[in-house]
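A.B. asks: I have a structure here, written as C-alpha cells, and I will follow up with some questions on it.
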Amino acid sequence: MTPNFYRLIAAQFFSSLADNALLIVTMALLEFKGMPGWWAPLLKFFFTVSYVVLAPWIGPLADGMPKSRLMAWMNLSKVIGLVALMWGFHPLAAFAVIGFGAAGYAPAKYGLITELVPADKLVLANSWLEVSVVCSVLIGAILGGVLISPLFAPAAQTIEQVLGSLHIAWGEPTPLRAALLAVLGLYLMASVINVFIEGSGKVYGHQRLHVVLAIRNFWFDNRKLWLDKEGGLSLAATTIFWGAGATVQFAVLKWASDQLGLPLSQAAYLQAAVAVGVVVGAAYAGRRVALSQAKHMLWSGVGLGGLLVFISQVSSVAWAIPVLLLAGAMGGLLVVPLNALLQHRGCALLSAGRSIAVQGYNENLSVLLMLGVYAGLLKLNLAISTVMVIYGVAIALAIGVLIRRAKV
C-alpha cells in the first residue's frame, strides 16, 4: 500500500469520525430542545436520503472528475451543514445537507481504492478501509460521549470565554455549541488531508448528467449488478448488513438507556464496543479470507442475528460488553469479504463510480427502510428488547436465504 493510499484512509477517517461524533452531540441537542426520542433515528434517516435520491448522478459525477477533488468539495458540504446547525438550522435539515456531502464522498473514496489497488489486494484494502471506518465509529462514539459529558465542560467554558473576549458571534447559544465547534475542527482536518491526496488520474470520459438519461442508465446498472450471480449475492448481503447496522447503532443506545439505566454519554461507550468487535472481525477477514472464499462468510451473518436476540435479554454491563464485541466481530467477518467481492464484480461489470453508486443506493435504501420501521416501532411504544428480537430474527432468516441460494 502506497503513502497515497494511507492519506486516503486518513482523510476518510477524520471525515467519518466527525460524522459519528456529530450524531451523538446532535442527539443530545434534540434532548436539550425537548424533542421526542423517536426523532433520533430520523437524524440518520435525513443523513441517508441523499444516498438514495442522488444515486443516478453521483456515480457518473465520481467517474467524470478527479475523485480526490470531489472528496474535497463534498467535505466542504459537510462543513456548511454543521455551520448551519450551529446557527440554529433545524437538526434534520442540517443532517440532510451533511448527508449530501457524505453521499458524494462515498463513490469517490471507494472508487479511488478500486483504481489504486489491484484485484488481489482488494480484500486487504477493504479491510484497511472498514477498520478505519469502524475505528471512526468507535472513537466518534466515545468522542461524542465525552463532548456531551461533564468532562468537556471546562474546555467548553474556556472556548466560550476566549471567543466571547474576541467578540465573535458563533452560533445559537446552547450548552452544546462548543462541542459542535470541536466537531467542525475534525471536518477541517479532513479537508486539509484531502489536499494532499493524489488522484489516480483515471477519468471515464465526459459523463452526461441529463436527468432522464442518468436515471435510465442507473437502473440498467442496478439491474445488471443484481442479476450477476456473485454481484447480486454480495449486494444482497451488504444491503442487509448496512441497513441492520444503522438500526442497531440506535438500538444499542436506547437499550443501554432503558435496560441498563445508562445516560447517553455512557451508552455511547457501549456502542463503541460493537465497533471494536467489527475492527477485530474486519482485520481477521482482511488477513485470512481470500476473495474466492468470501461467500463462506455469510454464516457469520446468521451468528450476528442470533447474537442480537441474545443481547436483548442481557441486563448487566459485565455481560453486555463481551456479547457486543462478539456481535461486532460477526459483522466485520461478514462485510469485509462480501464488500470486496461486490467491488470486484461491480468494477468488472460497470465502472468504479457507477458500481459504488448502485451499491450505495441499495444499502442506503435499506438503511432508510429499516430506520423508518425502527422509528415506527418506537412510536408504538414497543419495548427495545422486543424490537431487537424482531431485527435479530429477520437478519438471521434473510442471510439464511442467501446461504441456501449460494449453496455454501
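A.B. asks: Quick check, is A55 in contact with a helix residue (DSSP H, G or I) (Cβ under 9 Å, 6 or more places away or on another chain), open to solvent by less than 10 Å² (accessible area, probe 1.4 Å), at pLDDT 90 or above and under 18 Å from A102 (Cα atoms)?
C.D. replies: So A55 does not fit the description; no.
A.B. asks: Considering only region 222-236, I want to know if a residue exists there that is open to solvent by 60 Å² or more (accessible area, probe 1.4 Å) and at pLDDT below 85.
C.D. replies: No; the residues of region 222-236 include none that is open to solvent by 60 Å² or more (accessible area, probe 1.4 Å) and at pLDDT below 85.
A.B. asks: Here's a check for you: in region 75-93, which residue that is assigned to a helix (DSSP H, G or I) and free of Cβ contacts under 8 Å to residues at least 60 places away in the same chain is most open to solvent (accessible area, probe 1.4 Å)?
C.D. replies: Here the answer is I80.
A.B. asks: Taking the conditions exactly as written (part of a helix (DSSP H, G or I), open to solvent by less than 20 Å² (accessible area, probe 1.4 Å), within 30 Å of T174 (Cα to Cα) and touching a residue at least 12 places away in the same chain (Cβ under 8 Å)), does A103 satisfy them or not?
C.D. replies: Considered against the rule, which asks whether it is part of a helix (DSSP H, G or I), open to solvent by less than 20 Å² (accessible area, probe 1.4 Å), within 30 Å of T174 (Cα to Cα) and touching a residue at least 12 places away in the same chain (Cβ under 8 Å), A103 comes out as yes.
A.B. asks: Determine which member of the set L308, L341, L334, L304 is out of contact with any Phe, Trp or Tyr (no Cβ under 9 Å at 6 or more places or on another chain) and either within 20 Å of A268 (Cβ to Cβ) or in contact (Cβ under 8 Å) with a residue 60 or more places away in the chain (or both).
C.D. replies: Residue meeting the stated conditions: L341.
A.B. asks: Going through region 125-177 one residue at a time, which ones are closer than 30 Å to L291 by Cα and hydroxyl-bearing (S, T, Y)?
C.D. replies: S127, S132, S136, listed by residue number.
A.B. asks: So, in region 383-408, exactly how many residues are loosely packed, with under 13 Cβ neighbours inside 10 Å and at pLDDT below 90?
C.D. replies: The total comes to 1.
A.B. asks: Using beta carbons and a limit of 9 Å, which pairs, at least six apart or on different chains, have the first residue in region 147-160 and farther than 14 Å from L181 by Cβ and in contact (Cβ under 8 Å) with a residue 24 or more places away in the chain and the second one of a type outside the set (G, A, S) and open to solvent by 40 Å² or more (accessible area, probe 1.4 Å)?
C.D. replies: Taking only residues 6 or more apart or on different chains, the pairs are S149/P263; S149/Q266.
A.B. asks: Still on this structure, please answer the following. Under 6 Å between Cβ atoms, which residue pairs at least 6 apart in sequence (or on different chains) link something in region 235-258 that is without any contact (Cβ under 8 Å) to a residue 40 or more places away in the chain and over 11 Å from G331 (Cβ atoms) with a partner that is open to solvent by less than 20 Å² (accessible area, probe 1.4 Å) and part of a helix (DSSP H, G or I)?
C.D. replies: Taking only residues 6 or more apart or on different chains, the pairs are S257/A267.
A.B. asks: Now for a separate question. Pick from S355, S315: which is more than 14 Å from V248 (Cα to Cα) and either in contact with a Leu (Cβ under 6 Å, 6 or more places away or on another chain) or open to solvent by 40 Å² or more (accessible area, probe 1.4 Å) (or both)?
C.D. replies: Among S355, S315, only S315 is more than 14 Å from V248 (Cα to Cα) and either in contact with a Leu (Cβ under 6 Å, 6 or more places away or on another chain) or open to solvent by 40 Å² or more (accessible area, probe 1.4 Å) (or both).
A.B. asks: While we're looking at this one, here's another question. Give me the helices (runs of 4 or more DSSP H) completely within region 111-203, filtered to those with at least 3 residues that are over 21 Å from F5 (Cα atoms), among the aliphatic types (A, V, I, L, M) and open to solvent by 30 Å² or more (accessible area, probe 1.4 Å), ordered by residue number.
C.D. replies: 122-147, 153-165
A.B. asks: Out of A272, A327, A283, A340, I need the residue that is in a helix (DSSP H, G or I), of a type in the set (A, V, I, L, M) and under 18 Å from L23 (Cβ atoms). Which one?
C.D. replies: A272
A.B. asks: Taking region 73-97 on its own, how many of its residues are closer than 28 Å to N4 by Cα and touching a Phe, Trp or Tyr at 6+ places or on another chain (Cβ under 6 Å)?
C.D. replies: 4
A.B. asks: Six or more apart or on different chains, Cβ under 7 Å: which pairs go from a residue in region 359-387 that's without any contact (Cβ under 8 Å) to a residue 60 or more places away in the chain to one that's crowded, with 17+ Cβ neighbours inside 10 Å? Could you list them?
C.D. replies: L377/V387
A.B. asks: Only residues that are in contact with a His (Cβ under 9 Å, 6 or more places away or on another chain) and either part of a loop (DSSP other than H, G, I, E, B) or among the polar types (S, T, N, Q) (or both): list them for region 286-324, please.
C.D. replies: Correct list: V289 only.
A.B. asks: Another question, if that's okay. On the basis of being modelled with pLDDT of 85 or more and open to solvent by 30 Å² or more (accessible area, probe 1.4 Å), does W299 make the cut?
C.D. replies: Against the criterion (modelled with pLDDT of 85 or more and open to solvent by 30 Å² or more (accessible area, probe 1.4 Å)), W299 qualifies.
The values are calculated or read from the model by the stated rules, or taken from the named source; none is laboratory data. As the structure is a computational prediction, the values presented were derived from the model and not from experiment. Don't worry about glycine lacking a Cβ; one is built from the backbone with ideal geometry, like all the others, and counts go over all protein chains shown. We work out accessible area using only protein heavy atoms, side chains counted, and drop any ligands, DNA or RNA first. Shrake-Rupley method; radii C 1.70, N 1.55, O 1.52, S 1.80 Å.
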